[in-house]
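The values are calculated or read from the model by the stated rules, or taken from the named source; none is laboratory data. Source: prediction; values computed, not measured. Glycine also receives a Cβ, built like all others from the backbone with ideal geometry; neighbour counts cover every protein chain displayed.
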Amino acid sequence: MGSLGDDDASLAVMARRNPGLLLVAAEGERIVGSALGAWDGRRGWIYHVATAPDRQRSGIARRLVEAVEAGLRAVGCPKVNVIVLDTAKDAAAFWTAAGYTRLAASQYGRVLAAEDTARGGSR
């Protein structure tokens with residue numbers, strides 16, 4: 001994972017804030033899938049659903065998503081969103097098949113950590 005915020009320390013914070021919502025699928029000793037879920041108190045979010053290339057289309061991602069959704073329901077989450085890159089056509093098809101609807105919205109982002117560092121703060 002190379003994105004800002006996807007380092008071990010950031011994922012540990014996310015895990016503490018969202019117990020039971022960071023899932024790993026394994027077959028024996030091998031990791032074959034993962035999914036990250038979070039609830040901000042208003043909306044649930046599912047991030048980084050991934051399946052090993054040789055295990056795609058075997059139901060692992062679907063089961064991970066169902067497990068994250070169950071965890072979100074258990075904490076009272078009324079709605080869940082996912083972010084899918086416009087270029088990820090297979091992912092868009094997966095989420096549509098899972099019952100998700102494309103929303104008429106755009107995502108905007110801003111890196112805060114770099115601004116803090118530039119001002120002399122620490123990360």
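Figures for the structure shown
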quantity: Selection within the stretch 33-81 - surrounded by 19 or more Cβ atoms within 10 Å (Cβ to Cβ) and of a type in the set (Val, Ile, Thr); calculated: 46, 49, 51, 60, 65, 68
quantity: Matching entry among 96, 51 (being among the polar types (S, T, N, Q) and touching a helix residue (DSSP H, G or I) at 6+ places or on another chain (Cβ under 6 Å)); calculated: 51
quantity: Count - residues of the stretch 7-18 that are under 11 Å from the mean Cα position of the chain (by Cα) and either exposed (fewer than 10 other Cβ atoms within 10 Å of the Cβ) or over 24 Å from residue 75 (Cα atoms) (or both); calculated: 0
quantity: Cross-chain or 6+ apart pairs with Cβ under 8 Å, the stretch 86-103 first and outside any helix (DSSP H, G or I), then modelled with pLDDT under 95; calculated: 102/92
quantity: Top-ranked residue in the stretch 19-35 [being of a type outside the set (Gly, Ala, Ser) and touching a residue at least 24 places away in the same chain (Cβ under 8 Å); ranked as farthest from residue 76 (Cα to Cα)]; calculated: 27
quantity: Scan of the stretch 4-21 for residues that are within 19 Å of residue 66 (Cβ to Cβ) and either in a strand (DSSP E or B) or touching a strand residue (DSSP E or B) at 6+ places or on another chain (Cβ under 9 Å) (or both), ordered by number; calculated: 18, 20, 21
quantity: The stretch 37-49: number of residues that are touching a Leu at 6+ places or on another chain (Cβ under 9 Å) and either under 17 Å from residue 96 (Cα atoms) or without any contact (Cβ under 8 Å) to a residue 24 or more places away in the chain (or both); calculated: 5
